[in-house]
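Engineer: Quick one: this structure, given as structure tokens, is what I'll be asking you about.
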Amino acid sequence: MQKHLLYVVLTLVSLSITQAQKPKTPSSSEIYESIQKLNFLGSVLYVAAHPDDENTRLISYMSNHIKARTAYLSLTRGDGGQNLIGPELRELLGVIRTQELLAARRVDGGEQLFTRANDFGYSKHPDETLEIWDKDKVLSDVVLAIRQFKPDIIINRFDHRTPGRTHGHHTTSAMLSMEAFDLANNKTAYPEQLDRTSPWEPKRLFYNTSWWRYGSKEAFDKVDKTNMITFDIGTYYPLKGMSNNELAALASSQHLCQGFGRLSQRGSQTEYIEFLKGAPLDNNENIFSGINTTWSRIEGGKAIGTILYNIEENFNFKNPSAHIPALLEAYKLLQKTDNTHWKTLKTKELKVIIEMCAGLYLEASASTNWATAGDVVDVSLEVLNRSETPIKLLSIANISDINMSKNINLENNTSYTFKEVLKIDDNATPTTPYWLDKKGTLGMYRVDDNTLIGKPESPRRYTVDFNLLIENTPITFTKPVIQRFSKPDKGELYRPFEIIPEASVKIKENVIIFENNHQQDITVIVKAGRDNLEGDIEICHPEDWNIYPKKQKVSIAHKGEEQTLIFTVFPPMNQSEGLISPIVHVGDKDYSKELIEIDYEHIPFQTVVLPSESKVVRLDIKKYGENIGYIQGAGDVVPESLQQIGYNVRSITPDEIDAETLSRFDAIVIGIRAYNTLDNLQFKQQQLFDFVANGGNMIVQYNTSYRLKTDNLSPYNLKLSRDRVTDENAEVRFLAPNHDVLNFPNKITQKDFEGWTQERGLYFPDEWGSEFSPILSMNDKGETPKNGSLLVAKHGKGHYIYTGLSFFREFPAGVSGAYRLFANMLSLGKDDIRESLKLED
């Protein structure tokens, strides 16, 4: 797994102790800012479609300048995007992007919400989006988010009035937000939700507009702005030592897998939001005009506010613990209010502030980061009061369902540690993202537990309650069980505590390609979740395939260890494909899921449990040329895929490119977005073109015109566009049916374009020199033909090929036709072989 280090300013993390993140040790200025936010009773919900759609400048401004409770509702988890930092795609990419969103919110101070909508890939129109999403369910989830979060203000990232001008998911997010705004307070709309929440009427709805909505800054200057509110989002925060835009840049830069790392900005900058519906504005300066955001908003709140406003006005930066008696008085008054919503939210905030003021350190660290059902795990508990405030540890509860009485007076700066045992439930199910627990559809995740809908991640299963008496006021602080450990080269580290299966199993390759009917050995790995794992394993397979042996014994002595087994797969004589899945039998239990670990340094360690299955493909394929040089771009599995069909593939870096190195290869393949991500590749273009002129083939996969690092992409004129075909079943027409790329050594037919996944291709050129032959034509419904998906040009003795076809998606899915077409591209120019074959005939 690739590692990427992101230096995050620790003072920017949010108040909560996030799973597997280092516990909060706040400064006095951070405590003071928390009190400021405590004293603002207003909320903002920002709505868009994907991770990285959110305007972190505006979210940060609302949270840190206005002090409003602010959340971002992302309709999807971004599964349909690309991954610039590793090989994970689809569901696993969605897990990464979910965590990157949470990392961004820890920086900008917001919260994170979701719906069940699945990002199925690029969509050109809301009509297409809503054909694949279940509109009623997604709308229901947006209504639920509004009812649960109870925003006063909703801000849409996109314009509901411009379908077809941007990603269909984008416009759909705004359209559903507009509908949900009117439905959230209607008791007849989704009445089943009212068992766990209540109707809510937001005050106003806005659209976060900008000059790009109107095409240019000049056009925007002429727009009537009387219906807009402006903010200077470049405001400087002395308590943080940085501006709002610097903070926002750090938040946006958490989206590393999408390449959103960016420079920070300083200075004044204007942000615009356009009023759409709701209560009319009293003026164009305050979005909360007419909304009571003080403590008097709730019954009994005036007395609470009197205490807390005084603390804010006279905050003791040298000794925040001096405010604990007053904070406790406000806490007790708050418990008497009948407003459940604000009582719940502000009680949570108050407890965190009291904890910070007292310098409390409360931790439950397990001896391991994972266990299985029925396990017994040692847990180290630490309790520390770093103030003169009288605090007593009454008991520790919720660990093995035992309330362990302590009755210990916590002396200032004295650490109290305890060793306890956590008994894992016998029926505990493995930890995995809840939205992946059951198989969903192309457009929707399946979530059977309605209480989980909208949550950013699965709640922690095992927590510990520290029951304290602070100045004679009982307060309970709940902490998740984590693992704290160290590595000599890393220092102190934290991981979440997870439940894993007693046995997990995976086939090493997700797709296994058979270029002929020769048998292949496959590697199956079984991992033990407990000591002394004994059982046997077999592999389910299609009827026309055979696997030997039928079963093998599994015997693993220690938990965490793996056993590798080799099975031989015999393909059928003719082209065929299907799924194979391993099953481990342990006693009367069967295990057929894979344990996947995602480990990047900018997000918490993740474990995902998914069904273990691999696709087997018996290809009817011929190929020529042996040695392929691959220049990796944004990350894909194309090299491994080419190796599976018998090519010798060697990865090379731009620094290695010279005439001698290139002479060893029959073809050079450029990975996706290489000309967007590799700075020095532009300086090697002439050597690559010379390689082609001397008889080699050069295949360039898709790039984007945005941030393209060279204008010299091809030896001939070639201009990229945003043309793409998102319908994976779109008709493919042959513009050059007699061209070698469609005929040698494999005859390409319409059948080769069946079974493609997610899309046909993306970012096709729309302008090219006469030297190029366009090979294919395709288009989405209602659009003009797009002819730039596969362009071939003879250059000297070799061939330069540019393709926007999404081979990087089709190869991992085992799409037969994609392999056959790519083999033809690599075989271009092998005329001597072709002539010899004719002579043999």
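The values are calculated or read from the model by the stated rules, or taken from the named source; none is laboratory data. Here the structure is a predicted model, which is why all the values come from computation and not from measurement. Methodologically, a virtual Cβ is constructed for each residue, glycine included, from the backbone with ideal geometry; neighbour enumeration extends over all protein chains shown.
Engineer: What is the number of the single condition among (1) buried (at least 24 other Cβ atoms within 10 Å of the Cβ); (2) in contact with an Asp or Glu (Cβ under 7 Å, 6 or more places away or on another chain) that Asn64 does not meet?
Structural biologist: Answer for Asn64: the failing condition is (2).
Engineer: Among the numbered conditions (1) within 20 Å of Asp79 (Cβ to Cβ); (2) touching a strand residue (DSSP E or B) at 6+ places or on another chain (Cβ under 6 Å); (3) exposed (fewer than 15 other Cβ atoms within 10 Å of the Cβ), tell me where Thr431 comes up short.
Structural biologist: It fails just one condition, (3).
Engineer: Within segment 445-461, work out how many residues are of a type outside the set (Lys, Arg) and either assigned by TED's automatic domain parsing to the domain that holds Ala326 or surrounded by fewer than 19 Cβ atoms within 10 Å (Cβ to Cβ) (or both).
Structural biologist: Number of matching residues: 8.
Engineer: Of all the residues that make up segment 520-539, how many are surrounded by fewer than 20 Cβ atoms within 10 Å (Cβ to Cβ) and part of a loop (DSSP other than H, G, I, E, B)?
Structural biologist: 3
Engineer: Considering each of Lys318, Lys346, Lys302 in turn, give the residue that is in contact (Cβ under 8 Å) with a residue 40 or more places away in the chain and either in contact with a Pro (Cβ under 7 Å, 6 or more places away or on another chain) or more than 20 Å from Thr70 (Cα to Cα) (or both).
Structural biologist: On the way: Lys346 fails: either in contact with a Pro (Cβ under 7 Å, 6 or more places away or on another chain) or more than 20 Å from Thr70 (Cα to Cα) (or both); Lys302 fails: in contact (Cβ under 8 Å) with a residue 40 or more places away in the chain.
The match here is Lys318.
Engineer: If a residue has to be of a type outside the set (Phe, Trp, Tyr), free of Cβ contacts under 8 Å to residues at least 24 places away in the same chain and in contact with a helix residue (DSSP H, G or I) (Cβ under 7 Å, 6 or more places away or on another chain) to count, how many in segment 210-240 make the cut?
Structural biologist: 2
Engineer: Could I ask something else about it? Pull out all pairs, ordered by first then second residue, where Cβ-Cβ is under 7 Å, the residues are six or more apart or on different chains, the first lies in segment 154-172 and is of a type in the set (Gly, Ala, Ser), and the second is at pLDDT 90 or above.
Structural biologist: Gly164/Lys124; Gly164/His125; Gly168/Ser123; Gly168/Lys124; Gly168/His125; Gly168/Pro126; Gly168/Glu128; Gly168/Thr129
Engineer: Those residues that are touching a strand residue (DSSP E or B) at 6+ places or on another chain (Cβ under 6 Å), assigned to a loop (DSSP other than H, G, I, E, B) and modelled with pLDDT of 95 or more, I need them from segment 449-475; list them, please.
Structural biologist: Those that are touching a strand residue (DSSP E or B) at 6+ places or on another chain (Cβ under 6 Å), assigned to a loop (DSSP other than H, G, I, E, B) and modelled with pLDDT of 95 or more: Gly454, Pro456.
Engineer: Residues that are within 28 Å of the chain's Cα centre (by Cα) and at pLDDT 95 or above, at least 3 per element: which strands (runs of 3 or more DSSP E) completely within segment 151-255 meet that? Steps first, answer last, please.
Structural biologist: Details: elements: 153-156, 204-207, 228-232.
Once the strands (runs of 3 or more DSSP E) in segment 151-255 are filtered for at least 3 residues that are within 28 Å of the chain's Cα centre (by Cα) and at pLDDT 95 or above, what remains is 153-156, 204-207.
Engineer: With the requirement that a residue be of a type in the set (Phe, Trp, Tyr) and farther than 22 Å from Gly529 by Cβ, what does segment 477-514 give you?
Structural biologist: Of everything in segment 477-514, those that are of a type in the set (Phe, Trp, Tyr) and farther than 22 Å from Gly529 by Cβ turn out to be Phe477, Phe514.
Engineer: Take the residues in segment 283-309 that are among the polar types (S, T, N, Q) and under 17 Å from Glu349 (Cβ atoms); name whichever of them is surrounded by the most Cβ atoms within 10 Å (Cβ to Cβ).
Structural biologist: Thr293
Engineer: List the strands (runs of 3 or more DSSP E) inside segment 540-633, counting only whole elements, that have at least 1 residues being without any contact (Cβ under 8 Å) to a residue 24 or more places away in the chain.
Structural biologist: So the answer is 546-548, 551-556, 589-591.
Engineer: Further, regarding this structure: Take the residues of segment 266-279 that are part of a loop (DSSP other than H, G, I, E, B) and in contact with a Lys or Arg (Cβ under 9 Å, 6 or more places away or on another chain): which is nearest to Glu54 (Cα to Cα)?
Structural biologist: Gln269
Engineer: Can you find, within segment 660-682, the residue that is farthest from Leu805 (Cα to Cα) among those that are of a type in the set (A, V, I, L, M) and not in a loop (DSSP other than H, G, I, E, B)?
Structural biologist: Applying the filter and picking the extreme gives Leu662.
Engineer: Filter segment 713-739 for residues that are buried (at least 20 other Cβ atoms within 10 Å of the Cβ) and either under 16 Å from Leu828 (Cβ atoms) or outside the structural domain of Val700 (by TED's automatic domain parsing) (or both) and give the result.
Structural biologist: Ser714, Pro715
Engineer: Pairs needed: first member in segment 280-299, free of Cβ contacts under 8 Å to residues at least 60 places away in the same chain; second member anywhere, surrounded by 15 or more Cβ atoms within 10 Å (Cβ to Cβ) and assigned to a helix (DSSP H, G or I); C-beta distance under 9 Å; at least 6 residues apart or different chains.
Structural biologist: Here the result reads Ser296/Gly305, each pair linking segment 280-299 to a residue that is surrounded by 15 or more Cβ atoms within 10 Å (Cβ to Cβ) and assigned to a helix (DSSP H, G or I).
Engineer: To continue, here is another question. Return the total of residues in segment 109-129 being more than 22 Å from the chain's Cα centre (by Cα) and assigned to a helix (DSSP H, G or I).
Structural biologist: 3
Engineer: Scanning segment 670-703 for residues that are modelled with pLDDT of 95 or more and of a type in the set (Ser, Thr, Tyr), which turns out surrounded by the most Cβ atoms within 10 Å (Cβ to Cβ)?
Structural biologist: The residue in question is Tyr702.
Engineer: Scan segment 476-517 residue by residue and report those that are assigned to a loop (DSSP other than H, G, I, E, B) and either buried (at least 20 other Cβ atoms within 10 Å of the Cβ) or more than 33 Å from the chain's Cα centre (by Cα) (or both).
Structural biologist: Of all residues in segment 476-517, those assigned to a loop (DSSP other than H, G, I, E, B) come to 481, 488-490, 497, 500-502, 508-510, 515-517.
Once the filter is applied, which keeps residues that are assigned to a loop (DSSP other than H, G, I, E, B) and either buried (at least 20 other Cβ atoms within 10 Å of the Cβ) or more than 33 Å from the chain's Cα centre (by Cα) (or both), segment 476-517 yields Val481, Phe497, Ile500, Pro501, Glu502, Glu515, Asn516, Asn517.
Engineer: Determine, yes or no, whether Ser458 is among the hydroxyl-bearing types (Ser, Thr, Tyr) and under 21 Å from the mean Cα position of the chain (by Cα).
Structural biologist: Yes, satisfied.
Engineer: Something else now. Restricting segment 327-343 to residues that are surrounded by 15 or more Cβ atoms within 10 Å (Cβ to Cβ) and either acidic (Asp, Glu) or without any contact (Cβ under 8 Å) to a residue 60 or more places away in the chain (or both), which is farthest from Phe149 (Cα to Cα)?
Structural biologist: Selected residue: Glu329.
Engineer: Being of a type in the set (Gly, Ala, Ser) and either under 14 Å from Phe485 (Cβ atoms) or outside any loop (DSSP other than H, G, I, E, B) (or both) is the filter here, so list the residues in segment 369-384 that pass it.
Structural biologist: Ala371, Ser380
Engineer: Continuing with this model, one more query. Only one of these is over 30 Å from Ile621 (Cα atoms) and of a type in the set (Lys, Arg): Lys551, Lys506. Name it. Full working, then the answer.
Structural biologist: Details: Lys506 fails: over 30 Å from Ile621 (Cα atoms).
Just one listed residue meets the conditions, Lys551.
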